[in-house]
Amino acid sequence: MKLPVDFYKYEGLGNNFIVIDRINTFINEKDELLKSQYIKKICCRNFGIGADGLILVLPSTNAIVKMRIFNSDGTEAEMCGNGIRCIGKYLLDQKLVNSDSPFCIETLAGLITITNRKGSDITVDMGKPIFDPLEIPTTMPQSSLGLPKSTLTVGSISLEVSAVGMGNPHLIVHFDDLQNLDLTKLGPILETHKFFPKKTNVHFLKVIDKSHLQIKVWERGCGPTMACGTGACATLVASHLLGYCDSAAEVNLPGGNLYISWPNKESSVFMTGNASLVYKGTFFIKP
């Protein structure tokens with residue numbers, strides 16, 4: 001006999017997740033939901049529910065809940081900006097938190113605070129950016145600006161790149177001609193570049209002006225996605241240090257816009273964007 005599992009599908013700027021509530025259910029490392037082959041199956045858009053990732057909502061002793069997030073290839077990620085907004089919206093929808101008060105969610109990248117809710121938008125304190133190459137992690141050399149910076153050559157293309165950690169690794173590539181970007185060619189090459197021992201998320205950046213940035217995303221373990229919240233934060237931080245933009249800017253992604261602010265170099269990065277329930281349902285797994 002197969003056991004029913006209730007799920008909710010949420011999206012943040014088109015970045016979509018299967019959310020499974022395990023707050024009151026014991027889960028161990030042998031659980032079917034933690035097996036990479038099963039995660040790949042239910043995230044498959046042809047043979048499963050279809051999603052960019054699976055999020056388990058678990059009990060926590062340090063926060064309202066703990067979030068574990070898995071990419072569609074079955075690998076576990078440290079954090080996800082769009083995913084954390086989706087979990088925040090789930091907790092608000094289920095009335096598990098007070099909509100007028102900040103609350104914390106535990107992640108592998110530490111405690112993340114949902115600070116505000118205005119309409120469908122949620123503001124998240126994403127923590128301080130990471131520049132230490134060992135902590136990102138990357139072997140890219142740290143520049144005089146503080147962040148790791150280098151020039152990479154892929155075939156005949158020379159790319160100016162920088163790296164920022166937001167609890168997970170990010171590579172920012174200055175690339176003005178996004179319309180002619182071959183994302184499926186460059187994305188996987190840069191994701192697995194030797195500079196990044198744990199692979200990396202990749203963001204191709206076009207600077208519109210001091211208050212508007214545009215990026216296209218190749219997510220580690222997922223491929224092209226509609227948005228990446230931690231990536232938008234990392235891109236704003238790198239762009240500000242490089243003199244491309246102000247300390248706050250609107251970041252345009254294929255799935256929509258995020259507003260990112262970094263008040264000063266000693267502060268957290270704040271992300272504001274929407275999240276919404278797509279549908280809920282039930283699937284079945286072996287006991």
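Only the coordinates and a few stated rules stand behind these numbers; no lab work does. Predicted model only: the values in this text are computed from it and were never measured. Cβ sites come from the backbone with ideal geometry, for glycine too, and all protein chains shown count toward neighbours.
Counting only alpha carbon atoms, the long axis of helix 229-241 and the longest principal axis of the chain meet at about 20°.
Just flag the trypsin sites (Lys or Arg not before Pro) in region 94-182 sitting in loop per DSSP whose Cβ has no more than 15 other Cβ atoms within 10 Å. Numbers along the way, then the final one.
Values: sites: Lys95, Arg117, Lys118, Lys149; in loops: Lys95.
Answer by residue number: Lys95.
In plain terms, if you count all Cα to Cα distances in region 228-287 and split them into 10 Å steps from zero, the share in each step is 20, 42, 16, 12, 9, 1 percent.
Here region 149-267 carries DSSP beta bridges of which approximately 75% are antiparallel, counting only pairs with both residues inside. In the chain, which longest range has no chymotrypsin sites (Phe, Trp or Tyr not before Pro) that are both DSSP loop (not H, G, I, E or B) and surrounded by at most 12 other Cβ atoms within 10 Å? Value returned for the longest uninterrupted segment is 48-287.
Mean-square fluctuations from a GNM of the chain, with a 10 angstrom spring cutoff on Cα atoms, peak among Val154, Val202, Val19 at Val154. Principal axis analysis of the Cα atoms in the chain yields extents of 57, 42, 33 Å, listed in decreasing size.
The charge dipole of region 149-267, taken about its Cα centre with unit charges on the Cβ of Lys, Arg, Asp and Glu (plus for the first two, minus for the last two), comes to roughly 380 debye. Restrict the search to region 25-132; then list the GluC sites (Glu not before Pro) that DSSP places in a loop and that have at most 10 other Cβ atoms within 10 Å of their Cβ. Qualifying residues, ordered by number: Glu29.
Cα convex hull, region 149-267: 98 Å³ per residue, rounded to a whole number. Among the trypsin sites (Lys or Arg not before Pro) in region 151-209, those placed in a DSSP loop whose Cβ has at most 11 other Cβ atoms within 10 Å are Lys194.
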